[in-house]
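Reviewing the structure listed below.
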Amino acid sequence: MNRKSKFIRRLERVLGEDYVISHPDELFVYEYDGSIDRAFPSVVVFPNSVEQIVDLMRLANQYEVPVVTRGSGTGLSGGAIASSGGLQIALTRMNAILSIDIANKSAIVEPGVINLKLDEAARKHQLRYAPDPSSQSACTLGGNIAENAGGPHCLAYGTTTNHVLGMEVVLENGSKTWLGGRLRESKGYDLRGAFVGSEGTFGVATKIILRLLQSPPVTKTYLGVFSCVALACEAVSLIISEGLIPAAMEIVDSLTINAIQKTNDVGLPKDAGSVLLIELEGRIGEVEEQGEKVEELLKLVGVLEYRLASEKLEREVLWKTRKGALGALGNLAPNYYLVDGVVPRTRLVEILEKVNLIGEEHGIKIANVFHAGDGNIHPCILFDERKSGELERVIQVGGEILEACVALGGTLSGEHGIGLEKKAYMPLVFSPRDLELMLQVRKVFAPAGRLNPGKIFPDAIAYDYRQQREAVRNAGPGSYL
Amino acid sequence: MDNSIFEIIKKNPNESHSAFLERTSNLNVDGMLPSILARPRTVDQIAEVLNFASENCLSVLPSGGGTKRSLGNIPNAVDILMDLSCLHGLVTHEPSDLTATFLAGTSLTDVQSILSGSNQFLPLESPIPSRATLGGILSVGMSGSNYLRYGLPRDWVLGVKVVNADSSIIKVGGQVVKNVTGYDLTKMYVGSLGTLGVIAECTFKLAPKPKERMTRLIYGFDNIDSAIQVMDNILEDYGLVRGLVLIDQEVESRLDIGVEGYAILVLIDGTKRTIRANCESLNAFVGHHKVKTVGDHYWQQMLNLGWIENGRPVMNILLRFLPSQLKDVLDMVNGIQLQEMKKGLIADPGIGKIRLFFWGELGAKRFHKIISTIAQISSTAEPSYEYLIEHCPVILKKTVDIWGQEPDALELMMDIKNELDPKKVLNPGRFVGGI
């Protein structure tokens, strides 16, 4: 029997018993997200209004309980993992698209709305929601805001932060405020910009106003086949330096091509060294003109063959292939660890060679499928968790890849966030004073550091919350609940 | 005090009072003359100035080209004017990466001429670009006339090096086009009017320079409704124009455009082929109104209006609203009747803003009447409307908050200021809520 603490009973009074779970069997699902870290929250709650969230935050404040917010749990850096236990607020019930303002091209949504659902709703009005992470059919917009999520089409349209106009947020102490609003520009400090990508450490976004874009009249998707990855990268550099910014440019390597073909024959040549996916969007005439230029450049680099997906259906198959590439890797190994790193576009060839080398040194296979146009690499380290010591080795390989990215003028994450996964590497990029500045800003939003504690900052930097966590650990799990 | 950085502002023994005023007129901030002029030439020297200021409890007003110095409430104190225009030049430019880093005192004109060799440009716009510096443009952080295609200044900044009020040097963001490593504090500095730190270096994402550009003037409207209809149609056509504004008779005559009534200026760019095709599409929307090609220079002249000395209005007010509110806001603005004064406007319906200009004698009574009419719009329209007075006579400025209504998150903003600049060294009193 799970002896319910006073805290849990008070949570139940706010939400009703059905929307508070604390039995270990039920909590099992909330131990995971899309990353390799795991930890149990002490209690998970499912609010359905901002008022309830205000009450929850006040209670958590009163009982000094850490708070971790969760969308669909698709994050890849451990952002939704309750690594210090405590209260997990799952926002999946707050999934209403409150309004779509066609005249002003914006939408007001609750944080639990699935990314793709908003895009689909917008498309009925010839509008679109541009950020399209590969998990868009499952991930929530609130989660996208926490992580400043990206996606293939960020090359032309920018990441989530470029599409958020305003947010109603609830802070650590239960106070509620608006950051930004419905206007494109607003006065005062751009705190909405600081909040997006704060990985749940500043507050909970309870209402979100997003910018929608007009749908382009023409879309053309090219698939180019190359003998090696380096040539595909060269094509990407050439296209950009010729003054073309396609909507997306994605590269898939031979290992991944084979995995995809094994799952589902989409007609990719098995002996190809790499495949480059290029999407052009724009006005009639303009896209054709760009297409001619792209074809010319592909030939110049020595493309083996290319084809144009002219029909919508064909295009969708190509994108499904790209976005499903990770799933297909299951054919090659029982587990994979997806690394997210960034280098300047011109260093792509170098970093991929380095990734290869690191893999060879450790005797580990690495597949590559990535947002080439942004220099955002995604090496997938293939492994078998059951083999002893393998996970540790994989984490070592991931670290070496990130170090290599930074050494080439890049950084630790392009779209997955830091979370638990990469916090130890932050000193590679930021000085202690740089990190302290971030903590100063966090202190304003969350003075006790109780929102998503233990994320982003390396353990060596003392958290306000850390001592308390130690005390909690000594007292035994759930003892403070 | 290092004499190579600091200069005490005082009248020379043999100098007449009028000569002294003339010599120091470009250092004047809202009618106040700083005691010290600081000219740092390196990032470390910025830190030195801030350290000196902090130790002596002096205020510091960072300044680039001084082109928008009238923006902001009257400062609480003007002790040190920090002129950053000596800190200029390119740090790195990687044409194939479409990124570049510049020192903050680099003028926009210099930036564009450096980049144009690679057929690239930085999509920031500013009045008087030969003087306006990157640091200044980012501190103000306002959109130009190219929002439709290029968005806001915040969208182009990848990272900045900042000297904090405590004289520590920090970097936020990075050098790459996609980055979620740590908090995105770059955004916080853009548009903070120099109240959080001194931007010393900035890294940008760049854009390929369009091959050609063409400006078309649509005119001959009998009434405002038909102009709005034409604009709506143009804006609904995906990617047709890169910029679009509505101007009134007064602005037309100030710019010597030589047409009557409301007119629409649109900017089309791309290859020759694209421009030809887009012109055809545009003509279809013009209907029975007139259209002709005019010079590209009007775009810069419109940006300059309100900021250059020559023919400068006595007041500029910026209104922001939802694009769908354009008609309502125009009606209210046109309701402002002013004898012996001239009023002009430039409206940008794509982003939802109107810049209002007033010329002539502006007394206190008339000033408050205008402001109360403008403020009324915010109570009658809806919360998504705001105004700010960009420029007005100092004597009148003392009687209002130029930022209009306080933003919702003002308390958080004040906490940020207290945390990062507890001694209120940087630009004290100029920003929203007295920050």
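Sort out which residues of segment A:219-248 are touching an Asp or Glu at 6+ places or on another chain (Cβ under 7 Å), within 18 Å of residue A:132 (Cβ to Cβ) and of a type in the set (A, V, I, L, M), and write them in order of number.
If the condition is that a residue be touching an Asp or Glu at 6+ places or on another chain (Cβ under 7 Å), within 18 Å of residue A:132 (Cβ to Cβ) and of a type in the set (A, V, I, L, M), then A:247, A:248 are the ones that fit.
Any residue that is within 14 Å of chain B (Cβ to nearest Cβ), among the acidic types (Asp, Glu) and outside any strand (DSSP E or B) - is there at least one of those in segment A:385-396?
no
Tell me which residues, restricted to segment A:197-231, are over 27 Å from residue A:252 (Cα atoms) and either part of a strand (DSSP E or B) or free of Cβ contacts under 8 Å to residues at least 24 places away in the same chain (or both).
A:204, A:205, A:206, A:207, A:208, A:209, A:210, A:211, A:213, A:214
I want to confirm something. Restricting to segment A:238-257 and keeping residues that are within 11 Å of chain B (Cβ to nearest Cβ), surrounded by fewer than 21 Cβ atoms within 10 Å (Cβ to Cβ) and touching a residue at least 12 places away in the same chain (Cβ under 8 Å), which single residue is nearest to residue A:351 (Cα to Cα)?
Going through the qualifying residues, I end up with A:238.
If residue B:422 meets every condition in (1) closer than 22 Å to residue A:440 by Cβ; (2) surrounded by fewer than 17 Cβ atoms within 10 Å (Cβ to Cβ); (3) more than 13 Å from chain A (Cβ to nearest Cβ) apart from one, which number is that one?
Here residue B:422 clears every test but (3).
Output the number of the condition that residue A:328 fails; it satisfies all remaining conditions of (1) more than 14 Å from chain B (Cβ to nearest Cβ); (2) assigned to a strand (DSSP E or B); (3) touching a helix residue (DSSP H, G or I) at 6+ places or on another chain (Cβ under 8 Å).
Condition not satisfied by residue A:328: (2).
What is the number of the single condition among (1) outside any strand (DSSP E or B); (2) within 8 Å of chain A (Cβ to nearest Cβ); (3) touching a residue at least 60 places away in the same chain (Cβ under 8 Å); (4) of a type in the set (Asp, Glu) that residue B:401 does not meet?
(2)
For segment A:74-102: of the residues being at pLDDT 95 or above and within 14 Å of another protein chain (Cβ to nearest Cβ), which is nearest to residue A:206 (Cα to Cα)?
So, considering only residues that are at pLDDT 95 or above and within 14 Å of another protein chain (Cβ to nearest Cβ), the one nearest to residue A:206 (Cα to Cα) is A:99.
Being among the β-branched types (Val, Ile, Thr) and farther than 26 Å from residue A:419 by Cβ narrows it down to one residue among A:20, A:50, A:14, A:68; which is it?
Only one candidate qualifies: A:14.
Evaluate segment A:28-49: report whether one residue or more is farther than 25 Å from residue A:144 by Cα and either out of contact with any helix residue (DSSP H, G or I) (no Cβ under 7 Å at 6 or more places or on another chain) or part of a helix (DSSP H, G or I) (or both).
No.
Would you be able to say whether some residue in segment B:188-196 is within 8 Å of chain A (Cβ to nearest Cβ) and either among the basic types (Lys, Arg) or surrounded by fewer than 22 Cβ atoms within 10 Å (Cβ to Cβ) (or both)?
Within segment B:188-196, not a single residue is within 8 Å of chain A (Cβ to nearest Cβ) and either among the basic types (Lys, Arg) or surrounded by fewer than 22 Cβ atoms within 10 Å (Cβ to Cβ) (or both).
Would you call residue A:313 away from chain B (no Cβ under 13 Å), free of Cβ contacts under 8 Å to residues at least 12 places away in the same chain and hydrophobic (A, V, I, L, M, F, W, C)?
So residue A:313 passes the test.
For residue A:54, are the conditions met, namely being over 18 Å from residue A:201 (Cα atoms) and either under 21 Å from the mean Cα position of the chain (by Cα) or in contact (Cβ under 8 Å) with a residue 12 or more places away in the chain (or both)?
Criteria not met by residue A:54.
Looking only at strands (runs of 3 or more DSSP E) that fall completely inside segment B:285-394, which ones have 1 or more residues that are surrounded by 21 or more Cβ atoms within 10 Å (Cβ to Cβ) and in contact with a Lys or Arg (Cβ under 9 Å, 6 or more places away or on another chain)?
Of the strands (runs of 3 or more DSSP E) lying wholly inside segment B:285-394, those with at least 1 residues that are surrounded by 21 or more Cβ atoms within 10 Å (Cβ to Cβ) and in contact with a Lys or Arg (Cβ under 9 Å, 6 or more places away or on another chain) span B:315-321, B:342-348, B:353-359, B:385-391.
So for segment B:158-168 (the condition being under 25 Å from residue B:121 (Cβ atoms), facing another protein chain (nearest Cβ under 9 Å) and not in a helix (DSSP H, G or I)), does at least one residue qualify?
yes
Which of the residues that make up segment A:155-181 are crowded, with 20+ Cβ neighbours inside 10 Å and closer than 18 Å to residue A:60 by Cβ?
A:169, A:170, A:171, A:172
Output the number of the condition that residue A:173 fails; it satisfies all remaining conditions of (1) more than 24 Å from the chain's Cα centre (by Cα); (2) within 8 Å of chain B (Cβ to nearest Cβ).
Failing condition for residue A:173: (2).
Quick one: residue A:132 ticks every box in (1) more than 12 Å from chain B (Cβ to nearest Cβ); (2) of a type in the set (Asp, Glu); (3) in contact with a Lys or Arg (Cβ under 6 Å, 6 or more places away or on another chain) bar one, so which box is it?
Status for residue A:132: all satisfied but (3).
The rows are residues; the columns are (1) in contact (Cβ under 8 Å) with a residue 40 or more places away in the chain; (2) buried (at least 23 other Cβ atoms within 10 Å of the Cβ); (3) in contact with a Phe, Trp or Tyr (Cβ under 7 Å, 6 or more places away or on another chain); (4) assigned by TED's automatic domain parsing to the domain that holds residue A:229.
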site	(1), (2), (3), (4)
A:389	no, no, no, no
A:395	yes, no, no, no
A:399	no, no, yes, no
A:405	yes, yes, no, no
A:413	yes, yes, no, no
A:419	yes, yes, no, no
A:437	no, yes, no, no
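How many of the residues in segment A:206-229 are under 19 Å from residue A:294 (Cβ atoms) and within 14 Å of chain B (Cβ to nearest Cβ)?
Result for segment A:206-229: 4.
Is segment B:94-102 home to any residue that is free of Cβ contacts under 8 Å to residues at least 40 places away in the same chain and in contact with a Leu (Cβ under 9 Å, 6 or more places away or on another chain)?
yes
Hand me the list of strands (runs of 3 or more DSSP E) wholly inside segment B:26-123 holding 3 or more residues that are closer than 26 Å to residue B:206 by Cα and not small (Gly, Ala, Ser).
B:90-94, B:99-103
Taking segment B:197-222 as the search range and keeping residues that are more than 23 Å from residue B:428 (Cα to Cα) and of a type in the set (Gly, Ala, Ser), which one is farthest from the other protein chains (Cβ to nearest Cβ)?
Among those residues, the one meeting the criterion is B:220.
Take segment B:181-231 and flag every residue that is charged (D, E, K, R) and free of Cβ contacts under 8 Å to residues at least 24 places away in the same chain.
If the condition is that a residue be charged (D, E, K, R) and free of Cβ contacts under 8 Å to residues at least 24 places away in the same chain, then B:184 is the only one that fits.
Select from segment B:122-138 the residues that are under 26 Å from residue B:419 (Cβ atoms) and either within 11 Å of chain A (Cβ to nearest Cβ) or touching a Lys or Arg at 6+ places or on another chain (Cβ under 9 Å) (or both) and list them in ascending order.
B:136, B:137, B:138
Results for (1) buried (at least 22 other Cβ atoms within 10 Å of the Cβ); (2) touching a helix residue (DSSP H, G or I) at 6+ places or on another chain (Cβ under 7 Å); (3) modelled with pLDDT under 90, shown as yes or no for each residue.
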| position | (1), (2), (3) |
| --- | --- |
| A:294 | yes, yes, no |
| A:305 | no, no, no |
| A:335 | no, no, yes |
| A:340 | yes, no, no |
| A:345 | yes, yes, no |
| A:348 | yes, yes, no |
| A:372 | yes, yes, no |
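The values are calculated or read from the model by the stated rules, or taken from the named source; none is laboratory data. Keep in mind it's a predicted model, so treat the numbers as computed, not measured. Methodologically, a virtual Cβ is constructed for each residue, glycine included, from the backbone with ideal geometry; neighbour enumeration extends over all protein chains shown.
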